[in-house]
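Enquirer: Mind looking over this structure? Questions follow.
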Amino acid sequence: GCCPLSPTGAQTTQLLVQPPWRPAVLWDRVTLTCQGSGTARATSWYKDGQRWWQKGPEDLSVTESGTYTCDRPGSGLSPPVRVLDERLVLQVPALTLLEGDTVTLRCRV
């Protein structure tokens, strides 16, 4: 069998992006969803490394560019998600990619 992702098998916090492309761009009306253990209303949001919203909602509609992370009690801090305010951007799907995977790139303007 396969081993759990962590020694204790603990769940980790994930930050989901909608629409599911990275880097996200403001003109796509980006929504971030913080998933993890614990109460959704206990979510803390960070923007550019600074606490931005304590005990905020699980879903966040992004209106400013920056690097976002979220924290859920019991599962910790999520990996960061960048949201850009750019006219031209090269995007990849917002999922884990491994060497050898086929990937679709999007050039957006």
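Read-outs: derived from the displayed coordinates by stated rules, not from any lab. Here the structure is a predicted model, which means the values were calculated and not measured. Neighbour counts are summed over all protein chains in view; Cβ atoms, including those assigned to glycine, are modelled from backbone coordinates with ideal geometry.
Enquirer: Could you list the square roots of 5 times each eigenvalue of the Cα gyration tensor of the range 50-109, that is, the equivalent ellipsoid semi-axes, sorted largest first and rounded to whole Å?
Expert: 26, 18, 8
Enquirer: Work out how much length residue 106 to residue 48 would gain on full extension: take 0.36 nm times their residue separation and subtract the Cα-Cα distance, in nm to one decimal.
Expert: 18.3 nm
Enquirer: Let me ask another. Quick one: net charge of residue 25's neighbours, Cβ under 12 Å, K/R +1, D/E -1?
Expert: Here the count lands on +3.
Enquirer: Expressed in whole Å with the largest first, what are the equivalent ellipsoid semi-axes of the chain derived from the C-alpha gyration tensor as the square root of 5 times each eigenvalue?
Expert: Taking √(5λ) for each eigenvalue gives 25, 21, 10 Å, largest first.
Enquirer: Then there is this: If amide hydrogens are placed 1.01 Å from N in the peptide plane, which non-local residues have theirs closer than 5 Å to the one on residue 53?
Expert: Close amide H contacts, sequence-distant or interchain: 45.
Enquirer: Would you please name the trypsin sites (Lys or Arg not before Pro) within the range 55-109 that are DSSP coil residues with at most 10 other C-beta atoms within 10 Å of their C-beta? Write out the running numbers ahead of the final one.
Expert: Details: sites: 55, 82, 87, 106, 108; in loops: 87.
Here the sparse-neighbourhood loop sites are 87.
Enquirer: OK, next. Quick check: pseudo-label points 7 Å beyond the Cα along Cα→Cβ at residue 55 and residue 86, how many nm apart are they?
Expert: So the label points at residue 55 and residue 86 sit 3.8 nm apart.
Enquirer: Within the set of other residues whose C-beta is less than 15 Å from the C-beta of residue 36, count the net charge using Lys and Arg as +1 and Asp and Glu as -1.
Expert: Details: positive: 41, 55, 72; negative: 58, 59, 71.
That works out to 0.
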